[in-house]
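Working notes, beginning with the structure itself.
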Amino acid sequence: MTFIGIISDNKSFETIKENLNVEDISLIHINNKSIENIKNITFKTIIINKNLKNLEKNISIIQKLCIKCEYLIINTDIKLETHLESESKANIITFGLNHKATVTVSSITDTSILIYLQRNIKNKDNEIIEVGEKQIEVNKQNKIKTYEILIIYIISIINNIPIMLKI
């Protein structure tokens, strides 16, 4: 079983969970309520999609989780109050609308989002995923879920699972 910890708001977490219903992957929402129960779990991946301000009193636990994970995925459009990436030996993948992010968006239309992988990354099987673009079809109401789409894309490519969005 692969454990993926996601630091995000509830709505974002539920959207990601709904779209990544894969047998051997367990998504765990990391928040103040769950932190004590999950502090001893070894996460394969930690995703930070929200400022850590509300988790300040548990930042040492989050740092320990990040140090042990294999992938640390960070939204570059949020301001982190700490430098988790400097302490971790994980493969760091950044995402966002920022042009410096590893995974960003080339264009957004009413019917699709064009995702751009700007740097090669290794997946869980140690295969190189090369720079390139991937078009994801969406409907008008869901193009606002860009960050969730980027997270689903990243989880899918590093875990070798097909991208099947219900968004």
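Being more than 23 Å from Lys64 (Cβ to Cβ) and either among the hydroxyl-bearing types (Ser, Thr, Tyr) or buried (at least 18 other Cβ atoms within 10 Å of the Cβ) (or both): is that true of Ser26 here? Steps first, answer last, please.
Details: more than 23 Å from Lys64 (Cβ to Cβ): no; either among the hydroxyl-bearing types (Ser, Thr, Tyr) or buried (at least 18 other Cβ atoms within 10 Å of the Cβ) (or both): yes.
It is false that Ser26 is more than 23 Å from Lys64 (Cβ to Cβ) and either among the hydroxyl-bearing types (Ser, Thr, Tyr) or buried (at least 18 other Cβ atoms within 10 Å of the Cβ) (or both).
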(message) of a type in the set (Lys, Arg) and either surrounded by 13 or more Cβ atoms within 10 Å (Cβ to Cβ) or under 22 Å from Leu97 (Cα atoms) (or both): is that true of Lys33 in this structure?
(response) no
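Can you say whether Thr76 is hydroxyl-bearing (Ser, Thr, Tyr), surrounded by 15 or more Cβ atoms within 10 Å (Cβ to Cβ), at pLDDT 90 or above and out of contact with any helix residue (DSSP H, G or I) (no Cβ under 9 Å at 6 or more places or on another chain), as far as the supplied structure shows?
Details: hydroxyl-bearing (Ser, Thr, Tyr): yes; surrounded by 15 or more Cβ atoms within 10 Å (Cβ to Cβ): yes; at pLDDT 90 or above: yes; out of contact with any helix residue (DSSP H, G or I) (no Cβ under 9 Å at 6 or more places or on another chain): yes.
Against the criterion (hydroxyl-bearing (Ser, Thr, Tyr), surrounded by 15 or more Cβ atoms within 10 Å (Cβ to Cβ), at pLDDT 90 or above and out of contact with any helix residue (DSSP H, G or I) (no Cβ under 9 Å at 6 or more places or on another chain)), Thr76 qualifies.
Can you tell me how many residues in the range 18-39 are farther than 29 Å from Glu137 by Cβ and in contact (Cβ under 8 Å) with a residue 40 or more places away in the chain? Walk me through how you get there before you give the answer.
Narrowing the range 18-39 to residues farther than 29 Å from Glu137 by Cβ: 30-39.
Now drop any that are not in contact (Cβ under 8 Å) with a residue 40 or more places away in the chain, which leaves none.
Count: 0.
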(request) Can you tell me which residue within the range 114-148, out of those that are modelled with pLDDT under 95, of a type in the set (Val, Ile, Thr) and surrounded by 15 or more Cβ atoms within 10 Å (Cβ to Cβ), is nearest to the chain's Cα centre (by Cα)? (result) Thr146
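Being touching a residue at least 60 places away in the same chain (Cβ under 8 Å) and of a type outside the set (Asp, Glu) narrows it down to one of Thr42, Thr76, Thr15, Thr104, so name that one.
Just a single option satisfies the conditions, and that option is Thr15.
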(request) Write out, first by first residue and then by second, each pair whose Cβ atoms fall under 7 Å of each other, whose residues are 6+ apart or on separate chains, and whose first residue, in the range 139-167, is farther than 13 Å from Ile47 by Cα and part of a helix (DSSP H, G or I) while the second is of a type in the set (Asp, Glu) and at pLDDT below 90. (result) Lys140/Asp110
(request) Name the residue, out of Ser86, Ser60, that is small (Gly, Ala, Ser) and at pLDDT 85 or above. (result) Ser60
(request) Can you work out which of the residues in the range 1-12 that are free of Cβ contacts under 8 Å to residues at least 60 places away in the same chain and more than 10 Å from the chain's Cα centre (by Cα) is nearest to Leu80 (Cα to Cα)? (result) Asp9
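The values are calculated or read from the model by the stated rules, or taken from the named source; none is laboratory data. Only a predicted model underlies this, so the values are computations on that prediction, with no experimental measurement involved. Here the Cβ is made from the backbone with ideal geometry for all residues, glycine too, and neighbour counts use every protein chain on show.
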